[in-house]
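The values are calculated or read from the model by the stated rules, or taken from the named source; none is laboratory data. Owing to the predicted nature of the structure, the values given are computational and were not obtained by experimental measurement. Cβ: placed from backbone, ideal geometry, glycine included. Neighbour counts: every protein chain shown. These accessible areas exclude ligands, DNA and RNA; they are computed on the full protein's heavy atoms, side chains included. Shrake-Rupley method; radii C 1.70, N 1.55, O 1.52, S 1.80 Å.
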Amino acid sequence: MTVEKLFEPLELSNGVTIKNRLYKGAMSEGMADGNHRPTEALVNAYQHWADGGIGMALTGNVMVDRRYLGEPGNVVVEDERDLDILKRWAEAGKRNNSHIWMQINHPGKQSPKSVSQQPVAPSAIPINGDAGSGFNPPREMTLNEIKETIERFVTTAVIAKKAGFTGVQIHGAHGYLVSQFLSARDNRRFDEYGGTLDKRMKFLVEIYTGMREALGEEFPISLKINSTDFSDKGFSLEDSITVIKKMDELGIDHIEISGGDYEKPEMMGDGEVYFLDYAKKVSDMVEVPISVIGGFRKQQSMIDAITETNVSMIGIGRPLVLNPELPNQLREGTYEDVTLPRLTTKVKALDKMIGGFVGLAYYEQQIRRLGNNQKPVVHTNAWSPLFELAKTHGAKAFSKRRR
């Protein structure tokens with residue numbers, strides 16, 4: 001099969017057409033200003049990706065509540081105060097007939113100490129494992145807070161549409177708040193939002209139905225969901241399939257498959273195409289287009305995912321940071337398979353402790369270079385991103401949690 005298959009248009013059930021099967025996956029940019037507004041540098045970065053030929057770009061997670069951030073540089077959209085810069089961001093992402101969808105999120109208990117004294121969550125269950133030292137224990141949300149947060153998701157989606165974004169995505173993966181509600185490990189409530197899976201998915205369902213009512217039938221709404229959170233007592237493969245089938249029945253336009261959370265950070269891995277088997281399985285069960293992200297580096301892997309499965313789109317993250325022209329190069333036959341740099345401090349114990357978080361900081365640095373119209377710098381030295389992490393979050397973010 002040839003690369004042309006990657007450039008066939010995808011028509012969603014609502015009639016919206018995406019020009020090809022390649023999308024930029026959501027990555028943390030950390031590029032908001034001190035008031036959590038988008039910046040011109042963020043606008044520039046998305047212009048580079050659109051000009052590079054991507055069919056659709058998902059933004060890094062946009063927070064619905066400035067009291068609860070996933071990290072210091074998050075964009076927050078609670079109201080229309082920043083509508084002008086949001087419009088410029090959307091316009092940049094729509095260049096070259098590309099789509100730009102805003103990923104909408106609330107971190108729940110995954111709000112670091114550096115930005116949150118006391119996070120909120122479905123239940124007062126702290127983050128365990130080595131990552132736990134960077135987070136304060138959460139308190140359980142009240143029913144009123146749950147209802148208010150649902151409305152915040154809807155409000156942010158409405159503003160995204162008004163600003164000119166061509167779609168929105170509910171972030172229901174990676175251990176953030178929606179994911180926490182879905183997980184039996186994190187959600188131990190006994191009210192209408194906890195207990196059975198039907199009750200645990202009520203938070204997600206009400207966010208989606210609220211968005212659909214406010215946005216209309218023709219505006220794309222996507223869901224990012226874990227295949228599993230890799231926990232015996234958490235969100236299982238069977239749970240994921242049940243939720244995806246329910247969202248398909250409700251009419252969601254697109255579902256993206258990922259996996260893991262801060263306790264089991266599989267989404268930070270360096271492997272090759274690590275969620276494709278599950279995406280292939282679930283795409284045969286539902287009508288909604290299924291996309292998959294994670295590990296696409298080789299041209300043949302991208303072609304195989306589209307031609308040999310029912311997966312509709314493939315997401316590319318880190319390779320697009322280092323090479324924003326990747327889609328154009330694929331189409332022109334000039335693309336060379338990417339080998340991502342393996343960052344190291346050359347201190348084994350330190351490398352193990354900082355894990356994938358130093359990689360996040362490295363790619364944030366490279367996205368900022370794109371935003372400043374500079375070329376990314378490929379290197380393996382972990383010290384620069386490590387120092388930036390320590391500056392942003394404090395040294396305690398890297399200390400092991402006492403058990």
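Observations on the model:
- Accessible-area rank, largest first, for HIS99, HIS106: HIS99, HIS106, with all protein chains present and a 1.4 angstrom probe.
- Rolled with a 1.4 Å probe across the full set of protein chains, the surface gives LYS280 an accessible area near 90 Å².
- Global form of the range 31-190, assessed from the alpha-carbon gyration tensor, a/c cut-off 1.5: prolate
- Placing one equal scatterer on every Cα of the range 280-336 and applying the Debye formula, the log10 ratio I(q)/I(0) at q = 0.26 Å⁻¹ is -1.08.
- Here the dipole of the chain is about 1460 debye; that uses its Cα centre as origin and unit charges on the Cβ of Lys and Arg (positive) and Asp and Glu (negative).
- Accessible carbon and sulfur surface of the chain relative to its total accessible area, %, 1.4 Å: 48
- Positive dipole terminus of the range 111-208, leading residue within TYR176, MET141, ILE125 (C-beta point charges): TYR176
- Around TYR208: net Lys/Arg minus Asp/Glu count, Cβ-Cβ under 12 Å: -2
- To the nearest 10, the accessible area of VAL168 is 0 Å² with a 1.4 Å probe.
- Violating pairs (Cα-Cα greater than 32 angstrom) within the set LYS147/LYS246; LYS199/LYS298; LYS147/LYS245: LYS199/LYS298
- Across the cross-link table entries LYS24/LYS113; LYS24/LYS94; LYS224/LYS281, which are compared at the Cα atoms, the separations over 21 Å belong to LYS24/LYS113.
- Remark: spin-label model distance THR380-ARG188 equals 4.4 nm, labels positioned 7 Å along the Cα→Cβ axis.
- Here the label points at GLU249 and THR345, each 7 Å from Cα along the C-beta direction, are separated by 5.0 nm in the simple model.
- The range 152-222 and the range 322-389: distance between their alpha carbon centers, rounded to Å: 31
- Of ALA349, PRO376, GLN366, farthest towards positive along the dipole that unit charges on Lys, Arg, Asp, Glu beta carbons give the range 302-389: ALA349
- Residue-normalised accessible area of the chain, expressed per residue, 1.4 Å probe, Å²: 41
- Counting Cα-Cα pairs of the range 7-105 in 10 Å increments starting at 0 gives whole-percent bin shares of 16, 47, 28, 8, 0.
- For the chain, a/c is less than 1.5, where a ≥ b ≥ c are the root eigenvalues of the C-alpha gyration tensor. That puts it in the rounded class.
- Only protein heavy atoms count here; under a 1.4 Å probe, ILE252 has an accessible surface of about 10 Å².
- Charged neighbours of ASN35, selected by a Cβ distance under 10 Å, balance to +1 (K, R count +1; D, E count -1).
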